[in-house]
1. Check the range 155-168 and report whether any residue there is at negative phi and in contact with a strand residue (DSSP E or B) (Cβ under 8 Å, 6 or more places away or on another chain).
2. Of the numbered conditions (1) surrounded by 15 or more Cβ atoms within 10 Å (Cβ to Cβ); (2) under 18 Å from residue 59 (Cβ atoms); (3) out of contact with any strand residue (DSSP E or B) (no Cβ under 7 Å at 6 or more places or on another chain), residue 90 satisfies every one except a single condition; which is it?
3. Which condition from (1) touching a strand residue (DSSP E or B) at 6+ places or on another chain (Cβ under 9 Å); (2) closer than 20 Å to residue 38 by Cα is the one that residue 111 breaks?
4. Return the only residue of 103, 80 being under 13 Å from the mean Cα position of the chain (by Cα) and in contact (Cβ under 8 Å) with a residue 24 or more places away in the chain.
5. Scan the range 27-75 for residues that are part of a loop (DSSP other than H, G, I, E, B), within 12 Å of residue 121 (Cα to Cα) and in contact with a helix residue (DSSP H, G or I) (Cβ under 9 Å, 6 or more places away or on another chain) and report the count.
6. Residue 141 passes all but one of (1) in contact (Cβ under 8 Å) with a residue 40 or more places away in the chain; (2) farther than 23 Å from residue 68 by Cα; (3) assigned to a helix (DSSP H, G or I); which number fails?
7. Within the range 62-76, work out how many residues are touching a strand residue (DSSP E or B) at 6+ places or on another chain (Cβ under 9 Å) and free of Cβ contacts under 8 Å to residues at least 40 places away in the same chain.
8. I want to confirm something. Restricting to the range 93-104 and keeping residues that are surrounded by 21 or more Cβ atoms within 10 Å (Cβ to Cβ) and part of a loop (DSSP other than H, G, I, E, B), which single residue is modelled with the lowest pLDDT?
């Protein structure tokens with residue numbers, strides 16, 4: 001970053017070392033961001049699934065289920081161009097108690113809407129810089145999402161153990 005202050009310089013990493021600035025930039029992929037975010041979520045007591053299909057036809061980058069049943073969605077943005085090209089993220093809010101964007105250290109934080117949570121990540125760790133606005137899910141939707149989360153997790157584990165197996169349709 002040329003001559004500008006790093007807005008993430010003092011961001012704490014839950015249980016990990018400071019973010020390595022050399023990892024930011026073009027080489028940082030969405031997969032690496034997802035790995036760092038999922039590591040953080042696990043440290044915070046969440047189980048997470050990647051590429052989770054929602055009932056509205058969208059696919060959440062990360063859906064995480066907390067010990068108390070809370071559900072959060074994290075949308076990964078690997079670049080400014082990725083953020084500007086994708087406006088479907090607003091459709092995810094009806095499927096989570098909180099919504100976050102996860103971005104790399106060099107992403108301009110001012111682009112992220114104030115009512116959305118903000119996570120800065122790299123391939124090793126992540127830190128929540130701003131909490132997402134809370135909106136409690138309706139009990140019926142929470143039950144449905146929690147059940148689908150459990151079924152998807154079980155199906156993915158089974159497919160990992162038996163890649164040639166038939167699997168559960170749609171998960």
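1. From the range 155-168, those at negative phi are 155-166, 168; that's our starting set.
Within this subset, residues satisfying the condition of being in contact with a strand residue (DSSP E or B) (Cβ under 8 Å, 6 or more places away or on another chain) are 156.
Taking every residue of the range 155-168 in turn, at least one turns out to be at negative phi and in contact with a strand residue (DSSP E or B) (Cβ under 8 Å, 6 or more places away or on another chain).
2. Answer for residue 90: the failing condition is (1).
3. With (1) touching a strand residue (DSSP E or B) at 6+ places or on another chain (Cβ under 9 Å); (2) closer than 20 Å to residue 38 by Cα applied to residue 111, the lone miss is (2).
4. It is 103.
5. Qualifying residue count, the range 27-75: 0.
6. Residue 141 satisfies all of (1) in contact (Cβ under 8 Å) with a residue 40 or more places away in the chain; (2) farther than 23 Å from residue 68 by Cα; (3) assigned to a helix (DSSP H, G or I) except (2).
7. Within the range 62-76, the subset touching a strand residue (DSSP E or B) at 6+ places or on another chain (Cβ under 9 Å) is 62-67, 70-76.
Still in the list and also free of Cβ contacts under 8 Å to residues at least 40 places away in the same chain: 64, 66-67, 70, 73, 75.
Residues flagged as touching a strand residue (DSSP E or B) at 6+ places or on another chain (Cβ under 9 Å) and free of Cβ contacts under 8 Å to residues at least 40 places away in the same chain within the range 62-76 amount to 6.
8. Among them, the one singled out is 104.
The values are calculated or read from the model by the stated rules, or taken from the named source; none is laboratory data. These figures come from a predicted structure and were not determined experimentally. Virtual Cβ from ideal backbone geometry, glycine too; neighbours counted across all protein chains shown.
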